[in-house]
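Worksheet: one structure, shown below.
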Amino acid sequence: MNSNAFLRTLLALFISIHCGYSKAIKCSAAEQNLKTDSLVAPKVFINTGFENASPMNWEIDSAGRIIASLVYDHERFSQNRANGHWHFKVEAPAGTDITVILQNFDNIWNNTHASQVSSRSPFVFSFDNKTWESRPGELLPGNRLQVKLKMAGPSVYIAGVEPYRISDLDKFLAKIKTSKLVAVTQIGKTSEGRSLEIIRIGNEKAPKRIFLRARAHAFESGGNWTVEGLVQRLLQNDGQSKTWLKRYCVYILPMANKDGVARGKTRFNSNGYDLNRKWDKEADSLIAPENFYLEKWMRKMIAENRKPDLGLDLHNDAGGNLHISRPDGDIRAYLAHMEKLEMLLRKHTWFTEGSTKPGFRNPGTLGEGFMERFGIEAAVYELNYEWAEGLKKAPLAADWISLGGMLPKVFYDYFENP
Ligand SMILES: [Zn+2]
């Protein structure tokens, strides 16, 4: 073959391959068109691409309802799994009636079924991501929760509890840091390297000290709103707040499980660790740095003769009780103090729920661990996220802010000598 013949052969080969390829593409596109023509493109989109949005799979059923399958949050080395956080944005034309059915609430808690939804479960929604409203959800067979809304704009945020994100905390910290009464100290980092900080309000030389932790469990934003209300009230710098801060100083770890909050998870830290468990022993610095650094800080406080006189771990559940643990030993003084705390909460706030019954014990929670290991009288305070009985409504952020604003008086009277 001479060089011309060789080139002609090459050209023919190229044309043949190229045309064959084009034909294949056209054929495939035609097939695709046939397939997509038989589907109706949904006018609804679920957006989970933002801070604190919950991971989920979703699809639209033949009735046009959005079936949203939440992704379980798993505990390391146990069968426990949890779904209780949901937070997503629905995008659909204004005027559209939307129905979302949330599923995968078959939680496992200490080897038993422990669903986080009930016939009382509300949901919250916001069309502007600022003003939220609450509405009852509807429990469907199969342990699914249905929420229905008419689109008043092009998008709506929907969540289980009014969200409080890391960006909300950052804004709050930036605002309060300017006060002379406030010191914010970084005590360590989370599993994923986010900053863990302690807020101090008031004079560290005050005779009494209170320690509060919020957000050990990622979905439980109520604690963060309560902390905001408490701090705002203490910083009003009026006669009352000055009197209160002469008696006590407040230390707060405002968001223990920042990684879980960032990723829109329900309960565990990034290593599948429950930050309100295993307080009966030293925390592992790699698996539970959020607890490890808190312990380290607490040991320093104790070494400097600044041990807190009261510790409260703020949580959300569907019961709303003060969880008073009863470890071994003589705890009569502790029980008397907790009784006083409960009485003062009833007197000065809208708290009405009550406390755990005699015999209640939850080893490994911060309340019990702080008492057993550090001699700090402490309790877990659960804020009911479904129903605030004292207000006869499903609570929103403003309600917890108001509760937080009433706590300074509770603490003041708590430390009053009998
Ligand atoms: Zn909790």
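The values are calculated or read from the model by the stated rules, or taken from the named source; none is laboratory data. Keep in mind the model is a prediction, meaning the values are calculated, not measured. Here Cβ is always computed from backbone atoms with ideal geometry, including for glycine, and neighbour counts include all displayed protein chains. Heavy atoms of the whole protein, side chains included, go into the accessibility calculation; ligands, DNA and RNA do not. Shrake-Rupley method; radii C 1.70, N 1.55, O 1.52, S 1.80 Å.
Quick rundown of the values:
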| read-out | value |
| --- | --- |
| Meets criteria (over 14 Å from the mean Cα position of the chain (by Cα) and under 25 Å from residue 387 (Cα atoms)) for residue 294 | no |
| Conditions (1) open to solvent by 10 Å² or more (accessible area, probe 1.4 Å); (2) touching a residue at least 24 places away in the same chain (Cβ under 8 Å); (3) farther than 28 Å from residue 114 by Cα; number of the one not met by residue 271 | (3) |
| Answer residue from the stretch 240-263, given it is outside any helix (DSSP H, G or I) and within 16 Å of the ligand (Cβ to nearest atom) and is farthest from the chain's Cα centre (by Cα) among those | 253 |
| Residue under evaluation residue 291, criteria (1) away from the ligand (no atom under 16 Å from the Cβ); (2) of a type in the set (S, T, N, Q); (3) open to solvent by less than 40 Å² (accessible area, probe 1.4 Å), criterion not met | (1) |
| Filter pass, residue 301 being more than 16 Å from the ligand (Cβ to nearest atom), among the hydrophobic types (A, V, I, L, M, F, W, C), at pLDDT 95 or above and touching a Pro at 6+ places or on another chain (Cβ under 8 Å) | yes |
| Hits in the stretch 176-185 - residues which are in contact with a helix residue (DSSP H, G or I) (Cβ under 9 Å, 6 or more places away or on another chain) and without any contact (Cβ under 8 Å) to a residue 24 or more places away in the chain | 184, 185 |
| Positions within the stretch 71-104 being among the β-branched types (Val, Ile, Thr), assigned to a loop (DSSP other than H, G, I, E, B) and under 21 Å from the mean Cα position of the chain (by Cα), in sequence order | 71 |
